[in-house]
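Coordinate-derived values only; no laboratory data. Here the structure is a predicted model, which means the values were calculated and not measured. Quick reminder, even Gly has a Cβ in these numbers, built from the backbone with ideal geometry, and neighbours come from all protein chains shown.
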4 protein chains.
Amino acid sequence: MNTSYNRIAGTGLERLAALSDGLFAIAMTLIVLEIRVPAREAVATEKALGVALIGLLPRIVTYLLSFLTLGIFWVGQQTQLNHFSRADRHLSWLHLAFLAGVATMPFSTGLLAEFTTFRTALLVYWANVLLSGVVLYLGWLYAERAGLVKESTPPDVGRTIKRRIVVAQTLYAIGAALCVVDTYWSIGFIVLVQLNYAIAPRIPGLSRLTT
Amino acid sequence: MNTSYNRIAGTGLERLAALSDGLFAIAMTLIVLEIRVPAREAVATEKALGVALIGLLPRIVTYLLSFLTLGIFWVGQQTQLNHFSRADRHLSWLHLAFLAGVATMPFSTGLLAEFTTFRTALLVYWANVLLSGVVLYLGWLYAERAGLVKESTPPDVGRTIKRRIVVAQTLYAIGAALCVVDTYWSIGFIVLVQLNYAIAPRIPGLSRLTT
Amino acid sequence: MNTSYNRIAGTGLERLAALSDGLFAIAMTLIVLEIRVPAREAVATEKALGVALIGLLPRIVTYLLSFLTLGIFWVGQQTQLNHFSRADRHLSWLHLAFLAGVATMPFSTGLLAEFTTFRTALLVYWANVLLSGVVLYLGWLYAERAGLVKESTPPDVGRTIKRRIVVAQTLYAIGAALCVVDTYWSIGFIVLVQLNYAIAPRIPGLSRLTT
Amino acid sequence: MNTSYNRIAGTGLERLAALSDGLFAIAMTLIVLEIRVPAREAVATEKALGVALIGLLPRIVTYLLSFLTLGIFWVGQQTQLNHFSRADRHLSWLHLAFLAGVATMPFSTGLLAEFTTFRTALLVYWANVLLSGVVLYLGWLYAERAGLVKESTPPDVGRTIKRRIVVAQTLYAIGAALCVVDTYWSIGFIVLVQLNYAIAPRIPGLSRLTT
């Protein structure tokens, strides 16, 4: 019977991963729909089309920003799931809460794209990133206490995962605080932090955090 | 040949799970689209944006309600699939009927969000939850009779799964009946029941139903 | 190296199944979006809401029709994939062509829902079902000739799969031809054929075709 | 611990494949939404419906073009993933960048459908195909250098994969250059190249490139 229960839990992890992959894939595709094809009637010449496409640049930047955010969370969640031996219903619900946060990222990014110079929009965006990160952190904490982490996982993996979330969220919070100066400073800072996580350049100090 | 057929059925279960995960992921993401970014033209100041965001609160509550409903059904279906040794075409169609019910949840919740004080909307929402639960119950009943449940599954698992659906649906029905007083009573009661299933607090009596 | 190639092909089948499950899940969810929540402004009383919901009935029937069609094709494709030992690029492209047909089903059904009494709409719907069925048939034929069918699959499985598609498509063609009388006769006949495939009642003669 | 890390990386490949399948499935279904059902009010007779449907032909061609493009990239990425023994974070991010390119294909194709005679639209479409191809090429290059390719993969597989991307992209570039004459020449040439990759006819010389 013990074996049977482990089998069940294993399948549970797979389905959690499958649900997450589906949800991330949809969120990543839906944000592209915000880059709208210019209306045919409003564009008569090649030059006018070029101008219309340049006018789409902010939405393209928004798309890339959202894509980076979603990619970072996808990699982060995957790293955690890889170290779990099984799931239980509490872990499932913590990750469902995380997915609820992920699913609202397109809304927050859309809000930021539409109200780029508004501090309120920037703080909503930041709150969304913060909440998703906090829930992901709690998910790992719970897994450690409930004995869901694989026995083969060395203890420093847990420390790395937790420190990484704390460092990233601290950097995001600094970025959000920069809106006291200007929202563009915040956005620029957050994009740089995200690119650092995505590209992981071998800058001493930085690279340690993103390994 | 017998081995070959078992293999086929096993793959069938996996694809049923994959189809379900995809469908749940899409439903969970589509309901977020109902939280719309305020129109740029209508909002001139930080204060106006704050007011517009507060106006989105009912839609955010609706989103969380839908997400809880979908999460509960996802966990419930997963629990059943974990205990099946294989699928056959009748089981597949029962779960397809369940998915047809799940896919209409965004509609029912959207209806309830738009017509919160209307008993008709509340009863449509309840009928959707009821029908999905009934089909899920029939799915388990059929699997037991057709010998699709794993031999390693102890008999009390079946009793727990069936009792849980009956208890949950009874609570939902009580919630729906409360609309004789007021639809807000119904909604509040159903949300509390759902949170209980999601968070599963260790309240004696309650926790037994949600294990 | 031989083992390595089999492994590759196996993964290919899995990814074909995953792509199909995702595409079917999205198509099944998108068709629900056609059932629109009535506009709040147009509905003032409980009675008016009831009337508005009854007005949605044709769209609900359309939704169920599409769901049945998609479910039948999903089960049919799954049955084939279960009997393949591996995929190659031709098989992949035949199934991609099948998926292209499946993805247009919401369009055809939407067309039929909007133009229920038009023979043109009915024939477009039928052409879509016919083409998808023909490509699925060709997929099996190709797999047999290219030696992609599992050795453990008894020869009568191939005969059953091919006969089933021919019988179903003949019944659909008869349904389409009934539009000479009236499109409602066609729709009614096709729905009955589909329900027969979904529910598979034990009517002698009929049940043989749907096993 | 070594075994454990391989296991982690293996799961990573599976999740990368699952995310990709989901994203491709959504992109393939979303492009169908561009084929819109004619408005009921504008169509009174069977003849008028026939005319309206013929008017949809360009959008149907666009749909098929997009579907071919997505199918070719899906098969191409799958071929690469099949030859990886494991993934690391750089490979994940290279494939996430590839997926970001894939997700924008519906936009580029929609742009081309709306502005068929505009060179700007054609060049945007081509740039999208080019960038996606380049990132996919870099993905393979990185995997080779980072030792992520399976040991059982013979060295000529890598050569074939790289040559295939270079040849295809050269043909696409020739197609794009043909817009000096006329955009229709470009589109026709690109469609023919794509059909060649999809159908893979046994024309000597051509077939070698598409194996």
Any pair with Cβ under 6 angstrom, 6 or more apart, that starts in region C:160-175 at a residue that is free of Cβ contacts under 8 Å to residues at least 40 places away in the same chain and ends at one that is part of a helix (DSSP H, G or I) and not small (G, A, S): C:L171/C:V193
Options B:F115, B:F84; residue that is in contact with a Lys or Arg (Cβ under 8 Å, 6 or more places away or on another chain), more than 10 Å from every other protein chain (Cβ to nearest Cβ), more than 21 Å from B:T29 (Cα to Cα) and of a type outside the set (S, T, Y): B:F84
Residues located in region C:16-52, provided they are facing chain B (nearest Cβ under 7 Å) and under 29 Å from C:Y184 (Cβ atoms): C:F24, C:M28, C:T29, C:V32, C:I35, C:V37, C:L49, C:G50
Output for region B:16-45, where each listed residue is assigned to a helix (DSSP H, G or I) and over 20 Å from the mean Cα position of the chain (by Cα): B:R40, B:E41, B:A42
Residue under evaluation A:L122, criteria (1) touching an Asp or Glu at 6+ places or on another chain (Cβ under 6 Å); (2) more than 7 Å from every other protein chain (Cβ to nearest Cβ), criterion not met: (1)
Lone unmet requirement of (1) within 25 Å of D:L13 (Cα to Cα); (2) touching a residue at least 60 places away in the same chain (Cβ under 8 Å); (3) not aromatic (F, W, Y) for A:L122: (1)
